[in-house]
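Contents: one structure, followed by commentary.
The values are calculated or read from the model by the stated rules, or taken from the named source; none is laboratory data. Computed from a predicted structure; not experimentally measured. Because the Cβ atoms are built from the backbone with ideal geometry, glycine has one as well, and the counts that use them run over all protein chains shown. Please note that ligands, DNA and RNA were not included when accessible areas were found on the heavy atoms of the full protein model with its side chains. Shrake-Rupley method; radii C 1.70, N 1.55, O 1.52, S 1.80 Å.
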Amino acid sequence: MKTKFALLAFAAISSTGLWAQSVTPSTTNTNPGGIYLRGSFSLANISTNGDGTVNSSNNLATFNAGFLGDLPLNDMFSLQAGLFLQGKGAKANSYANDNDHSQNYVKYKFRPYYLQVPVNFAVKIPMGDDSRFFIGAGPFVSMGLWGKATREVNVLGSTTTTKEDIKFESIDGNDPDDSRLDRLKRFEFGLNGTAGIEAGRFLVGVTYDWGLSKINQQFENENNDKNKFRTLSVNVGFRL
């Protein structure tokens with residue numbers, strides 16, 4: 001009898017425990033943080049107007065790849081810092097005949113690569129179990145690594161292509177060649193904005209880099225916003 005009572009009591013306690021687990025709300029970490037492996041498709045450009053705007057026809061397709069670290073401050077705020085290989089640059093085409101682009105033209109593009117470190121303060125808004133919308137902004141600094149500048153000239157159907165390694169060096173504007181796009185300053189800095197969605201271990205989003213420093217030294221233009229990098233990236237990441 002005592003054995004049967006003990007078995008019934010054990011069954012009752014077990015069933016009560018299972019019921020309690022089923023009605024207790026589950027909790028999720030609304031801001032898990034971590035380290036993301038992230039890659040991006042980027043459209044790079046440089047500002048051509050005094051107000052810092054660009055000519056969209058000069059967009060150059062490139063990429064971004066590296067690591068993003070997310071340090072949660074609480075359930076809604078994070079400090080994010082990254083280390084990325086970032087492609088930048090621009091292209092430009094000039095045609096002698098606007099109605100015929102097959103000959104008599106000059107096409108130029110420069111494609112530098114930088115080691116870039118962005119630091120963003122991000123706000124996160126939960127969207128459901130283990131997913132959230134985020135938006136953030138902060139500064140970035142970049143160091144030039146390598147790159148190529150390519151010029152293609154076509155005259156009466158004859159095409160000549162020249163390629164030059166981009167030189168990253170200290171530029172003071174005293175050399176007539178300091179305005180060339182194959183001679184760039186080693187360091188660049190600016191502001192970075194980001195937005196996107198985290199879902200489970202995945203991240204998708206966009207970033208925009210607004211350069212604040214001139215990429216090289218051109219004469220008599222220190223007080224305008226020409227000749228600064230602008231880069232839009234579409235990102236996909238995976239939390240390690």
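Our coupling estimate for the stretch 147-159, obtained by passing each phi through the Karplus curve with A = 6.51, B = -1.76, C = 1.60 and θ = phi - 60°, is x, 10, 10, 10, 10, 10, 10, 10, 10, 6, x, 9, 10 Hz, Gly and Pro reported as x. Checked against a 32 Å cut-off, the cross-linked pairs LYS107/LYS167; LYS124/LYS226; LYS124/LYS167; LYS163/LYS214; LYS124/LYS148 give Cα-Cα distances beyond that limit for LYS124/LYS226; LYS124/LYS167; LYS124/LYS148.
Would you mind putting 81-89, 192-200 in packing order, based on average other-beta-carbon counts within 10 Å, highest first?
Put in order of decreasing packing, that is 81-89, 192-200.
When a/c reaches 1.5 or more, the comparison of a/b and b/c decides; with that in mind, is the stretch 54-205 rounded, prolate or oblate per its Cα gyration tensor? Judged from the Cα gyration tensor, the stretch 54-205 comes out prolate (a/c at least 1.5, a/b above b/c).
One chain, two ends: TYR95 and VAL236. Fully extended at 0.36 nm per residue, the span grows by 47.0 nm beyond their Cα-Cα distance.
Per-residue surface analysis assigns ARG132 an accessible area of about 0 Å², computed on protein heavy atoms at 1.4 Å probe radius.
Once the 1.4 Å probe is applied to the protein heavy atoms, the stretch 28-124 comes out at 46 Å² accessible per residue. Using R0 = 30 Å, the C-beta based FRET efficiency linking ALA199 and VAL141 works out to 0.50. Close amide-amide hydrogen proximity is noted between VAL141 and VAL117, each under 5 Å apart and 5 or more residues distant or on a separate chain (H modeled in the peptide plane; Pro and chain starts excluded). Summing charges over all other residues whose Cβ lies under 12 Å from the Cβ of PHE238, with Lys and Arg as +1 and Asp and Glu as -1, gives +2. A simple packing score, the average count of other Cβ atoms within 10 Å per residue, orders the peptides 134-146, 98-110 as 134-146, 98-110, with the highest score first.
Ranking SER57, SER42 by solvent-accessible area of protein heavy atoms (1.4 Å probe, all protein chains present), from largest to smallest, gives SER57, SER42.
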